[in-house]
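Following: one structure in structure tokens, then a few remarks.
The values are calculated or read from the model by the stated rules, or taken from the named source; none is laboratory data. All values reported here derive from a predicted model rather than from experimental measurement. Glycine gets a Cβ as well: all are built from the backbone with ideal geometry, and neighbour counts include every protein chain shown.
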């Protein structure tokens, strides 16, 4: 294995899971990876809610209610992770107002990616879900509107081997520029 690049290549969006429960130690390992994610001004404004069992079924039912999208696979994942971001963090509010940058979404992406990469390292599958009923999830978790919920992440053992995906060549996504020297 070639380290990090092999891990990144291994990680896929999984939409079919075995019913085996995910051991608590594996979930805690993913959370440990999140602890080391960078954030704007080191605010660490994220909270990860881990939904399992009957609560997960209720959560997915509420999150997907009335939403016409192909996210029904979330019902078969043994775990659904709710990624919540605190909106009251000063950096997030100032950034949104002064720079028109939603730093909490950048922080959420970094923290969530730490989670899913650690899951891949452990042989677990994940899939980001961004289209769901946020209000229903917030209400079910009992969190105020001071928290945004940018994503759900399904988690479990993949039901099969994911197919490789076509990726653009490096030359199609990167352009090198350098300043001319006098």
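For the range 161-179, state whether one or more residues are in contact (Cβ under 8 Å) with a residue 24 or more places away in the chain and in contact with a strand residue (DSSP E or B) (Cβ under 6 Å, 6 or more places away or on another chain).
No.
Mind checking which residues of the range 27-37 are touching a helix residue (DSSP H, G or I) at 6+ places or on another chain (Cβ under 8 Å) and either under 15 Å from residue 153 (Cβ atoms) or in a helix (DSSP H, G or I) (or both)?
If the condition is that a residue be touching a helix residue (DSSP H, G or I) at 6+ places or on another chain (Cβ under 8 Å) and either under 15 Å from residue 153 (Cβ atoms) or in a helix (DSSP H, G or I) (or both), then 29, 30, 31, 32, 33, 34, 37 are the ones that fit.
Name the residue that is surrounded by the most Cβ atoms within 10 Å (Cβ to Cβ), counting only residues in the range 14-26 that are in contact with a helix residue (DSSP H, G or I) (Cβ under 9 Å, 6 or more places away or on another chain) and not in a loop (DSSP other than H, G, I, E, B).
Taking the candidates together, the pick is 17.
Give me the pairs: first residue in the range 132-147 and farther than 15 Å from residue 57 by Cα, second residue surrounded by fewer than 16 Cβ atoms within 10 Å (Cβ to Cβ) and modelled with pLDDT under 90, beta-carbon distance under 7 Å, and six or more apart or on different chains, which are they?
146/88
Every residue in the range 38-67 that is assigned to a helix (DSSP H, G or I), in contact with a helix residue (DSSP H, G or I) (Cβ under 6 Å, 6 or more places away or on another chain) and within 16 Å of residue 106 (Cα to Cα), please.
40, 41
Name, by its number, the condition in (1) modelled with pLDDT of 90 or more; (2) surrounded by 14 or more Cβ atoms within 10 Å (Cβ to Cβ) that does not hold for residue 91.
Tallying (1) modelled with pLDDT of 90 or more; (2) surrounded by 14 or more Cβ atoms within 10 Å (Cβ to Cβ), residue 91 fails exactly one: (1).
A quick yes/no check of all residues on (1) in a loop (DSSP other than H, G, I, E, B); (2) on the phi > 0 side of the Ramachandran plot; (3) modelled with pLDDT under 90; (4) surrounded by 15 or more Cβ atoms within 10 Å (Cβ to Cβ):
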{"residue": "108", "(1), (2), (3), (4)": "no, no, no, yes"}
{"residue": "115", "(1), (2), (3), (4)": "no, no, no, yes"}
{"residue": "123", "(1), (2), (3), (4)": "yes, yes, no, no"}
{"residue": "127", "(1), (2), (3), (4)": "no, no, no, yes"}
{"residue": "131", "(1), (2), (3), (4)": "yes, no, no, no"}
{"residue": "140", "(1), (2), (3), (4)": "no, no, no, yes"}
{"residue": "149", "(1), (2), (3), (4)": "no, no, no, yes"}
{"residue": "154", "(1), (2), (3), (4)": "no, no, no, yes"}
{"residue": "164", "(1), (2), (3), (4)": "yes, no, yes, no"}
